[in-house]
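Chemist: Sending over a structure as C-alpha cells; questions will come in a sec.
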Amino acid sequence: MLALHASNISKSYKSSGQTIEVLRHVDLQIASGEMVAIMGPSGSGKTTLLHVLAGVDVPDSGTVELGGEDFSGLTEEEKAFFRRTHIGMVFQDFQLLESLTVKENILLPLILNQKDVYWQDKALKKVMEALELAEFADKRIAELSGGQKQRVAIGRALIHEPGIVFGDEPTGSLDLKTTRDVMCCMVQMNRKFGSSFLLVTHDAYAASYCDRALLLQDGKLKSEVRKQESNASFREDILNMWCCLGGEADDFL
Amino acid sequence: MTFYEVSQKMLLANFSRYRIYFFSNLFAAALFYCFASIFTNQSFMNGKIVNPLISSNIYFPSILAALFLLFFLPLSCQVFVAARKKEYGILFSLGMSRREAFWRQFCENVLVTALALAAALAAGTLLSWLFFGIIRYGIGIVGVKWGLSLEPYKITAFLYLVALAPAFIFHAGSILREKISFLLKAPALSEKEGVLYRMLCRCCSGYMRRHMAEWSFLRRHSREWRIRSVLAFVIVSCSVILVSVSVTMSMAFLRDAKSYSPYDMVYSEMDERHRVLEGNVAGILAEYGVVVEQIIRIPYVRNASFNCFPVEKVNQYFQCAYQVKDGQFLNLFQYDLQDGYEHEMQPISEITYNGNRQLRSAGSDVRILWNQNPAFADRTLLVSDSDFEKLQKDAEFQVGVAHWFLFDQWEDSYDGICAVKEYMSETNQNAESEAAYYEVSSKVEYYQDAQKSGRFLIFLIAFIVGLMMMAEFLLIHFRIQAEQEENNRAVLSLRMIGVTDQEVLNDMKYKNRLRFILPVILGTVFSFLPCYFLNEAYSAGFQGAFAGAVFGIGAAGAEVVILGWYSKREFKAMKG
Ligand SMILES: Nc1ncnc2c1ncn2[C@@H]1O[C@H](COP(=O)(O)OP(=O)(O)OP(=O)(O)O)[C@@H](O)[C@H]1O
Ligand SMILES: [Mg+2]
C-alpha cells in the first residue's frame, strides 16, 4: 500500500577512532504493494539499511519517502504516529518486551493505536492461528524458543495490517515448514491489503516468495533479479546471484 | 486491553526495579530527616541542656546526609531510568510518541518517589523518636525533648525535590532525545574506556587479562562506580573521624572532671546570706561514711566580675610561691590548656576600689589550684594580705569564706554530698535562684556528669555512624541488586563456556571486593592525619588516630565478610 523511495542514503559508524562506512549512497525504490528481498553477506549493512528506512536510525545523509511523504523530514512526534499506523517491523534480535506475555506483545501496536477490545480479539485470533501461536498466548517471552519468539515478533509486525513491513531475517530461526507458513501469511497480506514488504534474508527459499531480490555489498545495492514467470526460475536467479559472490549453492539447502 | 493496563502490567513486572528505587529514596530521605529533626530540635541545640561541644557534632554528619541525599537520589534515578532504556526503545520503534513516554515516566516517578518520601518521613520520625527516647531515658539527659515540628519535614521534602526533579528531567529527557537504535542497544553501548583503565591495561596486562571479566564489568559501570566510591570514601572517612573524636573526647571529659576538681567538695559562705556550720557538715558526711581528711578555709572578696584571694593563705594551703607586692595583683587563670577548649585569657590590668585606690596587674599565671563553685566569679586575682584587708572593707565587695574538703574516698561521697546540700538549703532558706548560687559543688557530681556526657556523645556518634554505615551497606546492596540482570547473563555465558561454579563465585567475590573495599581502605588511610590533628587538641593525637584506624579496619573487615556472604547469596540466586 505504501511505496518507499529512498535516495542517496549514507551511514557510517565511528568506533574506537575508526570510521566504518556502512552504507554509501544507496538508492532504493519499492512500489506500493511490492515484496522485495535484500540479501548480502554478514556485516554488509542490511540491518543498518532497514533501520534507517524504518526511521529507527538516522542516516548521515539522504532522504526516505514513504507513501509519497518525506519521512525523514517529519518531527519525532509525527514519525511516532506514522510508525504505529503504517509500519511493521521485525527485528533481527526480535526486541520483545520480556515483562509482557506473548499475547500482550503481539497486541502492542493495536493498543498504541487505541483499538477497542473487539478489534483486538479479532485481529489477535487471526494472527495467532496463522503463526500457530495460540497455545503460547499467555506464556512469558522468556519461556519461548527462538523460533517461537521470531513468530511473536512477526505477529507484532503484522497485526495492525501496516502499509509496509520491514523484516530483518524474519525466517532466520524457522524450519522449512514454518518458513513456508510465515511467507504464505505475508504473501496473503500482500495480496489482500496490498502491504509492501522489505525483507532481509539469507534464505533463497524465503526470498523466492518476493517479487524482487537485491544484493547489498560493500555498502551498495549491487545487483537485482526479478520474478518473471515461475518461482523456480526466480530461485535459480537468486542462487546464481549468490554464487557469483563465491557462495555455494548448497548453502541455501 | 488498553495502554493503561499494559503500563500497569509493566509496572508490576518491573517491581524489583521500582522496589530498589523506592527503598533507595526512602532510605536517603529518612537518613536526612533524622538529622534534620535533631538539629532543628530546640532542646537538643540549647547550650544549657546539651553541651555545645557535643551538640555541634550533629552539623558535620547532617551536611554529609544532605550530600548523600543530593548525590544518591540522582544516582538512583539514573540507574532506574537507564534500566528501562531498552523497553522504551522497543515502544518507540512500535510508534509510542516521546510525549506519551515522558508522561508515563513522569507518573511512575511521581508515584514511586512520593510514596518513598511519605514512607521516609514516617520512618525518620520513628527513628528520631527512638533517638530522643534513648537520650532521655537511657542516658538520663532529661532536658532533651522529642517534639514534632514542621521544619525538618519541610527541609527534607525540599531537599528531596531539589535532588530529584533536575535528575528526573535530565535522565528522562535523555531517553526522549536518544535515537531509537541507541536505546535498543542501550546496555551494551554504554561502554567507555577511561584513562585509568587503559593505563592499568598497559601496566599490568597479565593481571588484567586474568581478571578481564571483572574489570570490563567495572569499566562498563565506571560512572556509577566512581560516584559510589566517592560517597563511600566520604562516609567511611567521616565515620572514622567521628569515632576517633568521640573516643578521645569522652575520655577527655573524664580527665577534665578530675583535673578541674583537685578537691572533693567545695562550698562558700557568703556575708550574712549563706552561713554553714562546718562541724555540722563534717558530721553529716560522717553519717554517710565519708571520711574528711582535710579542710581548707580561705576568706575572699568578690564583685560581679572577679574574686580576690589573699596570696599568703593561698601559698600556704596550695603549696605555691606567688609573690604579690602591695598595690599589685596577679591574674590567676585556672585552666588546663590541654583540655581542647578555647579559653578566654585576657588579664585584667588594673582595678579601682574605695573610689580612688588602684591596684595594678603584676602578671598572670595559668594553673588549677582549686575547684570552681557557683559562688565564685569567673576571674580570680591574688592580692597581698594588706590590700585584701582594705578590699574587705569596701562595701562594693561581698565577703565570703571558701571551704575545700578532701575525702579519703571521693567515689562514694555522692549520698553524703546530697545530704549536705539538703542541710544547707534548710538552714539558709534562700530563694531558689539564690540557692543555686551557693550550691555545693563536688568532684563526684562533676565526674558523673562527665560520664553522662561521654556516654551521650558515644551514643550520638554511634547513632550517626550506624546510620552512615547503614547507608554504605545499602549503597552496596542496591548497587548489586541493580546489576543482577546483567550479572545473570554474564554468569550464564561464563558457565556455558566452561567456567566452573567455584571460579564464577570467586570472580564475583573478587569483583565485589575490588570495588567496594577500596574506598573503605582509602577512607581509613586518608583520615589518619585529620584524626591525629583533631585529637591533638585533646593531646590525644595518637590514641585518636589509633581508635579511628581500629574502627576503619573493623569496617573493612565487616565489609569483606558481608561481601563474601553477599556474593554467595547472589550466586545462589543466579543458580536458582
Ligand atoms: N552501533 C554500531 N557502532 C559501530 N559499528 C556498527 C554499529 N552497528 C553496526 N555496525 C557495523 O556496521 C556494519 C553493518 O552492520 P549490520 O548490522 O548492518 O550488518 P548486517 O548486514 O545486518 O549483518 P548480519 O547479516 O550479520 O546481520 C558491521 O560491520 C558492524 O560492525
Ligand atoms: Mg543484520
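Chemist: Could you go through the range B:231-253 and let me know if any residue there is open to solvent by 30 Å² or more (accessible area, probe 1.4 Å) and over 15 Å from B:S453 (Cα atoms).
Modeler: First, the residues of the range B:231-253 that are open to solvent by 30 Å² or more (accessible area, probe 1.4 Å): B:233-234, B:247, B:251.
Now drop any that are not over 15 Å from B:S453 (Cα atoms), which leaves B:233-234.
Checked against the condition, which is being open to solvent by 30 Å² or more (accessible area, probe 1.4 Å) and over 15 Å from B:S453 (Cα atoms), the range B:231-253 yields at least one hit.
Chemist: Just for helices (runs of 4 or more DSSP H) wholly inside the range B:458-576: which have at least 1 residues that are closer than 30 Å to B:I139 by Cβ and either open to solvent by 60 Å² or more (accessible area, probe 1.4 Å) or not aliphatic (A, V, I, L, M) (or both)?
Modeler: Working: elements: B:484-496, B:501-526, B:528-536, B:541-575.
The qualifying helices (runs of 4 or more DSSP H) are B:501-526, B:528-536, B:541-575.
Chemist: Right, something else. Can you pull out every residue in the range A:1-50 that is open to solvent by 50 Å² or more (accessible area, probe 1.4 Å), away from ligand 2 (no atom under 14 Å from the Cβ) and part of a strand (DSSP E or B)?
Modeler: A:H5, A:N8, A:K14, A:S15, A:Q18, A:T19, A:I20, A:E21, A:R24, A:H25, A:D27, A:Q29
Chemist: Turning to a different aspect of this structure: Got a number for residues in the range A:180-201 being part of a strand (DSSP E or B) and more than 16 Å from ligand 2 (Cβ to nearest atom)? Step through it out loud before you land on a result.
Modeler: Applying the first criterion (part of a strand (DSSP E or B)) to the range A:180-201 yields A:196-200.
Filter once more, so that each one left must be more than 16 Å from ligand 2 (Cβ to nearest atom): A:196-197.
Number of matching residues: 2.
Chemist: Does A:F82 fit the bill of being away from ligand 1 (no atom under 16 Å from the Cβ) and either within 20 Å of the chain's Cα centre (by Cα) or closer than 28 Å to A:R212 by Cα (or both)?
Modeler: Here the answer is yes, as A:F82 does meet what is asked.
Chemist: Quick one: B:E426 ticks every box in (1) among the acidic types (D, E); (2) surrounded by 14 or more Cβ atoms within 10 Å (Cβ to Cβ); (3) without any contact (Cβ under 8 Å) to a residue 24 or more places away in the chain bar one, so which box is it?
Modeler: (2)
Chemist: I'd like the full set of residues that are within 9 Å of chain B (Cβ to nearest Cβ) and open to solvent by less than 20 Å² (accessible area, probe 1.4 Å), limited to the range A:106-121.
Modeler: The answer is A:L107, A:L108, A:P109, A:L110, A:I111, A:L112, A:Q120.
Each row is one residue, and each column tells you yes or no for (1) at pLDDT 90 or above; (2) assigned by TED's automatic domain parsing to the domain that holds B:S43; (3) of a type outside the set (A, V, I, L, M); (4) crowded, with 20+ Cβ neighbours inside 10 Å.
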| residue | (1), (2), (3), (4) |
| --- | --- |
| B:E151 | yes, yes, yes, no |
| B:L164 | yes, yes, no, yes |
| B:G173 | no, yes, yes, no |
| B:L176 | no, yes, no, no |
| B:K179 | no, yes, yes, no |
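Chemist: Hey, another quick one. In the set B:E396, B:E389, which member is of a type outside the set (K, R) and either in a helix (DSSP H, G or I) or over 49 Å from the mean Cα position of the chain (by Cα) (or both)? Walk me through it before giving the result.
Modeler: Details: B:E396 fails: either in a helix (DSSP H, G or I) or over 49 Å from the mean Cα position of the chain (by Cα) (or both).
So the residue among B:E396, B:E389 that is of a type outside the set (K, R) and either in a helix (DSSP H, G or I) or over 49 Å from the mean Cα position of the chain (by Cα) (or both) is B:E389.
Chemist: Note down all Cβ pairs under 6 Å where the first residue falls in the range A:13-24 and is within 13 Å of chain B (Cβ to nearest Cβ), the second is in a strand (DSSP E or B) and near ligand 1 (Cβ under 7 Å from one of its atoms), and they're at least six residues apart or on different chains.
Modeler: Close Cβ pairs satisfying both conditions: A:Y13/A:I20.
Residues checked against (1) buried (at least 22 other Cβ atoms within 10 Å of the Cβ); (2) within 14 Å of chain A (Cβ to nearest Cβ); (3) under 25 Å from the mean Cα position of the chain (by Cα); (4) assigned to a helix (DSSP H, G or I):
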position: B:Y33; (1), (2), (3), (4): yes, no, yes, yes
position: B:N41; (1), (2), (3), (4): yes, no, yes, no
position: B:F44; (1), (2), (3), (4): yes, no, yes, no
position: B:I49; (1), (2), (3), (4): no, no, yes, no
position: B:Y59; (1), (2), (3), (4): no, no, yes, yes
position: B:I63; (1), (2), (3), (4): no, no, yes, yes
position: B:L70; (1), (2), (3), (4): no, no, yes, yes
position: B:F92; (1), (2), (3), (4): yes, yes, no, yes
position: B:G95; (1), (2), (3), (4): yes, yes, no, no
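Chemist: For the range A:206-220, name all the residues that are buried (at least 17 other Cβ atoms within 10 Å of the Cβ), within 16 Å of ligand 1 (Cβ to nearest atom) and not in a helix (DSSP H, G or I).
Modeler: A:A213, A:L214, A:L215, A:L216, A:G219
Chemist: Could I ask something else about it? Looking at A:G33, A:G88 in this structure, which one is away from chain B (no Cβ under 14 Å) and either touching a helix residue (DSSP H, G or I) at 6+ places or on another chain (Cβ under 9 Å) or small (G, A, S) (or both)? Reasoning before the result, please.
Modeler: Values: A:G88 fails: away from chain B (no Cβ under 14 Å).
Just a single option satisfies the conditions, and that option is A:G33.
Chemist: Considering only residues of the range A:144-156 that are in contact with a Phe, Trp or Tyr (Cβ under 8 Å, 6 or more places away or on another chain) and away from ligand 1 (no atom under 16 Å from the Cβ), which is most open to solvent (accessible area, probe 1.4 Å)?
Modeler: Taking the range A:144-156 and keeping what is in contact with a Phe, Trp or Tyr (Cβ under 8 Å, 6 or more places away or on another chain), we get A:144, A:148-150, A:152-153.
If we keep only those that are away from ligand 1 (no atom under 16 Å from the Cβ) too, we end up with A:144, A:148-149, A:152.
Values: A:L144: 17, A:Q148: 34, A:K149: 53, A:V152: 0 Å².
In this case the residue turns out to be A:K149.
Chemist: Looking only at residues that are part of a helix (DSSP H, G or I) and within 14 Å of another protein chain (Cβ to nearest Cβ) in the range B:72-90, which one is farthest from A:P162 (Cα to Cα)? Working first, answer last.
Modeler: Step one: filter the range B:72-90 for residues part of a helix (DSSP H, G or I), giving B:72-82, B:85-90.
From what is left, the residues that are within 14 Å of another protein chain (Cβ to nearest Cβ) are B:85-90.
Details: B:K85: 26, B:K86: 23, B:E87: 22, B:Y88: 21, B:G89: 20, B:I90: 17 Å.
Checked the range B:72-90; the qualifying residue farthest from A:P162 (Cα to Cα) is B:K85.
Chemist: Here's another thing I want to ask about it. Restricting to the range A:140-150, give me the number of residues that are touching a helix residue (DSSP H, G or I) at 6+ places or on another chain (Cβ under 7 Å) and either without any contact (Cβ under 8 Å) to a residue 12 or more places away in the chain or more than 14 Å from every other protein chain (Cβ to nearest Cβ) (or both). Spell out how you get there, then give the answer.
Modeler: Let us first name the residues in the range A:140-150 that are touching a helix residue (DSSP H, G or I) at 6+ places or on another chain (Cβ under 7 Å), namely A:141, A:144, A:147-149.
Still in the list and also either without any contact (Cβ under 8 Å) to a residue 12 or more places away in the chain or more than 14 Å from every other protein chain (Cβ to nearest Cβ) (or both): A:144, A:147-148.
Adding up the residues that qualify gives 3.
Chemist: What's the total number of residues in the range A:163-179 that are away from ligand 2 (no atom under 14 Å from the Cβ) and in contact (Cβ under 8 Å) with a residue 12 or more places away in the chain?
Modeler: Restricting attention to the range A:163-179, the residues satisfying the condition of being away from ligand 2 (no atom under 14 Å from the Cβ) are A:163-165, A:174-179.
Add one more test, that the residue is in contact (Cβ under 8 Å) with a residue 12 or more places away in the chain, and what stays is A:163-165, A:174-176, A:178-179.
Here the count works out to 8.
Chemist: Further, regarding this structure: Of all residues in the range A:185-197, which are hydrophobic (A, V, I, L, M, F, W, C) and closer than 12 Å to A:P162 by Cβ? Explain how you work it out, then say what you get.
Modeler: Of all residues in the range A:185-197, those hydrophobic (A, V, I, L, M, F, W, C) come to A:185-187, A:189, A:193, A:197.
Correct list: A:M186, A:M189, A:F193, A:F197.
Chemist: Looking only at residues in the range A:162-205 that are in contact with a Ser or Thr (Cβ under 7 Å, 6 or more places away or on another chain) and within 14 Å of chain B (Cβ to nearest Cβ), which one is farthest from ligand 1 (Cβ to nearest atom)?
Modeler: Filtering the range A:162-205 for residues that are in contact with a Ser or Thr (Cβ under 7 Å, 6 or more places away or on another chain) and within 14 Å of chain B (Cβ to nearest Cβ), the one farthest from ligand 1 (Cβ to nearest atom) comes out as A:G163.
Chemist: Can you name the residue in the range A:51-65 that is open to solvent by less than 20 Å² (accessible area, probe 1.4 Å) and hydrophobic (A, V, I, L, M, F, W, C) and is also farthest from the other protein chains (Cβ to nearest Cβ) among such residues? Lay out the reasoning, then the answer.
Modeler: Pass one, the range A:51-65, residues open to solvent by less than 20 Å² (accessible area, probe 1.4 Å): A:52-57, A:64.
Subsequent filtering for residues that are hydrophobic (A, V, I, L, M, F, W, C) retains A:52-54, A:56, A:64.
Details: A:V52: 9, A:L53: 12, A:A54: 8, A:V56: 4, A:V64: 14 Å.
Looking at residues that are open to solvent by less than 20 Å² (accessible area, probe 1.4 Å) and hydrophobic (A, V, I, L, M, F, W, C), I get A:V64.
Chemist: Here is a follow-up. Could you please find all residues in the range A:91-100 being open to solvent by 10 Å² or more (accessible area, probe 1.4 Å), touching a helix residue (DSSP H, G or I) at 6+ places or on another chain (Cβ under 8 Å) and more than 7 Å from chain B (Cβ to nearest Cβ)?
Modeler: Matches in the range A:91-100: A:Q92, A:F94, A:L96, A:E98.
The values are calculated or read from the model by the stated rules, or taken from the named source; none is laboratory data. Because the structure is a prediction, the values reported are computed rather than measured. Here the Cβ is made from the backbone with ideal geometry for all residues, glycine too, and neighbour counts use every protein chain on show. The protein model used for the area step is the full one, side chains on, heavy atoms only, and it has no ligands, DNA or RNA in it. Shrake-Rupley method; radii C 1.70, N 1.55, O 1.52, S 1.80 Å.
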